[in-house]
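Worksheet for the structure shown next.
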Amino acid sequence: MWRTDILEFVRARYAPEPTTFVPGESYIPASGKVLDVDDLVALTEASLDLWLTAGRFADRFERDFARYVGLRWCRLTNSGSSANLLAFSALTSRTLPRPILPGSEVITVAAGFPTTVAPIVQHGCVPVFVDVDYATHNIDVGALEGALSDKTRAVMVAHALGNPFDAAAVAAFARAHDLYLIEDSCDALGATLHGQTVGTFGDVATVSFYPAHHMTMGEGGAVLGKSPQIMRSVESFRDWGRDCWCAPGKDDTCGKRFGWQLGDLPEGYDHKYIYTHLGYNLKATDMQAAIGCSQLAKVDGFIATRRANHAYLARGFRERGLTDTFDIVEATPGSEPSWFGFVLSLVPGARWNRRDVTRYLETRKVGTRLVFAGNLVRQPAMQGVPHRVAGDLTHTDRVMTSSFWVGVWPGLGQAHLDYMLDVFTSLRREMQS
């Protein structure tokens, strides 16, 4: 009864600070979270359990989120970056018939986020960078064959800012050459290609629940997959590398805790302390998972608002003649993006450079973000790191120098969007004067 009383008290007393948008004075963030009383009640309920690691809410979220995406297996982790690490690590497991080994090559793109590529390097493998298609900012599928070598073992690539890459074509390429496909879907939850949800084309996929993303746990991420063997390795790497699959606080679910003999250990060594992998502790907390369960019930609405906001800005750009100054990233043919941002590139020959443009927008309270690392090969972190570039990175460099994005997240309403359009209109006028 006391739990019910507390939860009812929280629901009754919840009173978020009212916000008023003042054009030119209120800052418009490029990304953000939308939380409500249901999220607070879920967090409170989980905190009342005092179960501080993964528990009943984590179990529920893994089950419900896998069902939402359309896959059987989901493993919750503490961030999207950790999800990328776990997804790649799982494919290096010696329990698989064809693990990725040190020295293997992995095809990816340089126009993206560093933690899509970091696991490749961290496992002693060699990223092979190919260019992107300028129109969609996604991997140039035509460059895949030229990147292939006898060392290639996988393709690991992200859906760019909610716009699906041609996952059907990349998956077909991977199957033809017996490669793994890892889909970084952290920016694209809910996007589809030919009616199929992103994250379901490859061997394993990742999602992020950072506050900037389509739904949030504060921090959090997930790995999704079809193969129980691969997902078992994901779980092992996440949970210290152990061979045991007992949930926290549980013992002997296999019925033979002291009946195992693995490696060079003595027979009967406690299965809770037998390690198949050199792993990590990358679990999420049950309080995070509780918020995730609450947010999952609303995510379709969040995605619909992102799409509507993107369409509103795109229509406004066309009606105001702004497309002679800015290229709008195009949806991949056959796709329905789940837009992370409204991605723009300065047209060639523009009188202002990208820095001038973003500075103008920021001083007028319109938040901007670059397309992450621009060209990873040029980042200081990649200096001295073994890698290979297949072909050239012409479009990647153009993204690095000319592209940026503004917000479409569901906390933005028509007043925000109209003001953004007004600022872009005045920007274009000044650029042409």
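The values are calculated or read from the model by the stated rules, or taken from the named source; none is laboratory data. These numbers were taken from a predicted model, which means no experiment stands behind them. Ideal geometry is used to build each Cβ from the backbone, glycine not excepted, and the neighbour counts take in all protein chains shown.
List of remarks:
- Looking only at the stretch 379-403, and only at residues there that are without any contact (Cβ under 8 Å) to a residue 60 or more places away in the chain and part of a loop (DSSP other than H, G, I, E, B), the one that is nearest to residue 350 (Cα to Cα): 383
- Under the condition of being touching a Ser or Thr at 6+ places or on another chain (Cβ under 9 Å), touching a residue at least 40 places away in the same chain (Cβ under 8 Å) and acidic (Asp, Glu), the residues counted in the stretch 177-196 number 2.
- Among the candidates 81, 47, residue that is at pLDDT 95 or above and either more than 24 Å from residue 411 (Cβ to Cβ) or β-branched (Val, Ile, Thr) (or both): 47
- A residue that is assigned to a helix (DSSP H, G or I), surrounded by fewer than 24 Cβ atoms within 10 Å (Cβ to Cβ) and out of contact with any strand residue (DSSP E or B) (no Cβ under 6 Å at 6 or more places or on another chain) occurs somewhere in the stretch 94-115.
- Among the candidates 199, 146, residue that is in contact (Cβ under 8 Å) with a residue 60 or more places away in the chain and surrounded by 21 or more Cβ atoms within 10 Å (Cβ to Cβ): 199
- Residue check for residue 155: at pLDDT 95 or above, among the β-branched types (Val, Ile, Thr) and in a helix (DSSP H, G or I): no
- Residue, nearest to the chain's Cα centre (by Cα), within the stretch 321-333, restricted to residues that are of a type in the set (Val, Ile, Thr) and either farther than 18 Å from residue 347 by Cα or outside any loop (DSSP other than H, G, I, E, B) (or both): 332
- Within the stretch 33-79, being hydroxyl-bearing (Ser, Thr, Tyr), under 19 Å from residue 189 (Cα atoms) and assigned to a helix (DSSP H, G or I) holds for one residue alone: 68.
- Residue tally, condition in contact with a strand residue (DSSP E or B) (Cβ under 9 Å, 6 or more places away or on another chain), in a helix (DSSP H, G or I) and modelled with pLDDT of 95 or more, over the stretch 268-320: 11
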